[in-house]
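Asker: One structure follows; several queries about it will come next.
Every read-out reported here was derived from the displayed coordinates using simple, explicitly stated rules and does not represent laboratory data. Computed from a predicted model, the values in this text were never measured in an experiment. Here the Cβ positions follow ideal geometry from the backbone for every residue, glycine too, while neighbour counts run over all protein chains shown.
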Amino acid sequence: MTGALHELAGNTMRNALKKMTKSPFSGALTGAISTTILQSSSAITVAAVGFVGAGLMTFPQSLGIIFGANAGTTITGWLVVLLGFKLKLGTVILPVIFVGAILKLFAKDRIAAIGFSLAGFGLIFVGISMMQQGMSGLEQIITPEQFPADTWLGRFKLVLMGVVITLITQSSSAGVAVSLTALFAGAINFNQAAALVIGMDVGTTVTAVMASIGGSISSRRTGVSHVIYNVCTAIGALFLLSPYYALWEYFSPRSLITNAEIALVGFHTCFNLLGMIIVLPFTAKFAQLIEKIIKNESLTYAENLDKALLKDPSIALTAILAVVNKESSALLKHVNAILSQECDHERINLLEMQVALDETHVYIDFIHLDKTGSPQWQQLIAAIHILDHLQRLHERCDEEEYRAFAAKNDVDLTAFVKQFILVVEKIIGNIEKQRWHGNAQLGSDANTIMLAQLTPVRDDVMSNIAAGNVTVPQATEKVEAIRWLKRVSYHVNRITHHLDVFHHANKI
């Protein structure tokens, strides 16, 4: 079901995450809603990591999404209790599974994905029904007395058991469903089930930590923040358990026994919501703490190309976009720096840039798509073109010693060079401010300046050779400078064009 929902609503959810995370509060709300729709907190967390790496949101904003995703994932428990236990849909849902399977087998695209999600949704309740049948009579074999006693030490042991269960199942939602079924069958009591669920919330962070090992600085910070937040929430939940139990007994004596599974899901939702509400006002401070724990020792152009993001090609492409934006801006600044003495930009280390371009090429090689013509396909092709022209522009920058020097010091070329610098400056500003409208036209304008206006200059050079006004070596130097300017302007034109194509495909 999660796979099908991801296919149906994945792009919509990612766009919502990008647009609706102006603050940690809106990020938490968006994260909770997105997790409820996709039924996967992991998918939302990976998306948040990708967007931080891509520079589309700040680290504190991503924390809001993670907090919200924790709250949103509790909806699965409500589905299990209300539709699985109360309505007992295990048999009634079979026709829905059949219809879903038929649609998956014989339909295409969105209709097939809808069928797959229907089948997955139905199988949840078939699974619950089977678990109930399997656990019937289990209360005679496994009893609450066989589990650790309801003491602080006993609860701590049960929390550890919950962590282990999640490590085995690799899904806190699956673990919660098993706990609910065991509670419903009377194999464990409410307090024992609650301690297990607390442990499962902690256990779900292990996957994120393992995925972040060897990843980018942003993914490692996200993994650590997920662990710290969930551990703190778990500690708070342990202290909240006894008051929660007492309130149930006070307002509705004995009802906790007959509605223990509802009470358990309510407790799961309660401590996750409470943890989110408490921590949100301190998100900036929390982010600063994580940044101090995991310091960014070195900054490179391609530092955000995290292999963990390759599991979702669209997120990986988003990270690539951020990197090529950074590389494009840096190289264009270098071009302006070598063409003008008055430019404020510093020259970059071309060796470091070459390493970054090579790393980006290697990363792109890991992305393989099946659907030609899809938005992701267009983005991948555009990224390959951008990198090709960045490599060629990098080669032109290596030639600055004689060709660029000749271009900026030649009286006949000065006016064209100044025009070109001004246009490139506008392009750099648009890239850094992520203003894409009209940037491709600016790149075309830069190319036009060189092609249309430098061609007559080249013709004049040839005439001057014939007239004996300049020597062949002097003319050759000037012609090489003109050729260099034309090549640079061409690569600038193609880079801006393909950046425009990438961003246009991103909106489809």
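Asker: Ranking request for peptides 26-34, 107-115, 424-432, 382-390: highest mean number of other beta-carbon atoms within 10 Å first, then the rest in descending order. Don't skip to the end; give the middle numbers.
Answerer: On the way: 26-34: 24.6, 107-115: 14.7, 424-432: 18.2, 382-390: 20.9.
Order by mean packing, descending: 26-34, 382-390, 424-432, 107-115.
Asker: Give a quick list of GluC sites (Glu not before Pro) in the stretch 336-412 that DSSP marks as loop, anything other than H, G, I, E or B, with at most 15 other Cβ atoms within 10 Å.
Answerer: Details: sites: 342, 346, 352, 359, 395, 399, 400, 401; in loops: 342, 346, 399.
Taking the stretch 336-412 and a limit of 15 other Cβ atoms within 10 Å, the loop GluC sites (Glu not before Pro) found are 342, 346, 399.
Asker: Let me ask something else about it. Whole-Hz Karplus ³J(HN,Hα) for the stretch 236-245, in order, using 6.51 cos²θ - 1.76 cosθ + 1.60 and θ = phi - 60°, x for Gly and Pro?
Answerer: Values, residue by residue: x, 5, 4, 6, 7, 4, 5, x, 4, 4 Hz.
Asker: Count neighbours as other Cβ atoms within 10 Å of each site's Cβ, and list the chymotrypsin sites (Phe, Trp or Tyr not before Pro) in the stretch 465-508 that are DSSP loop with at most 16 such neighbours. Write out the running numbers ahead of the final one.
Answerer: Values: sites: 484, 490, 502; in loops: none.
Listed in order of number, the matching sites amount to none.
Asker: Would you order 152, 436, 248 from fewest to most other beta-carbon atoms within 10 Å of each residue's own beta-carbon? Intermediate results must be reported in sequence, preceding the final value.
Answerer: Values: 152 8, 436 17, 248 20.
Lowest to highest Cβ neighbour count: 152, 436, 248.
Asker: Please work out how much length the chain gains when fully extended from residue 210 to residue 344, using 0.36 nm per residue of separation minus the C-alpha to C-alpha distance, in nm with one decimal. Mind dumping the intermediate values first?
Answerer: Details: separation 134, 0.36 × 134 = 48.24 nm, distance 4.31 nm.
Net length gain for the segment: 43.9 nm.
Asker: What are the GluC sites (Glu not before Pro) within the stretch 240-322 that DSSP puts in a loop, where the Cβ has at most 16 other Cβ atoms within 10 Å? Working shown, then result.
Answerer: On the way: sites: 249, 261, 291, 297, 303; in loops: 297, 303.
Those satisfying the criteria are 297.
Asker: Still on this model: Specify the inter-centroid distance of the stretch 442-462 and the stretch 250-280, based on alpha-carbon positions, in whole Å.
Answerer: 73
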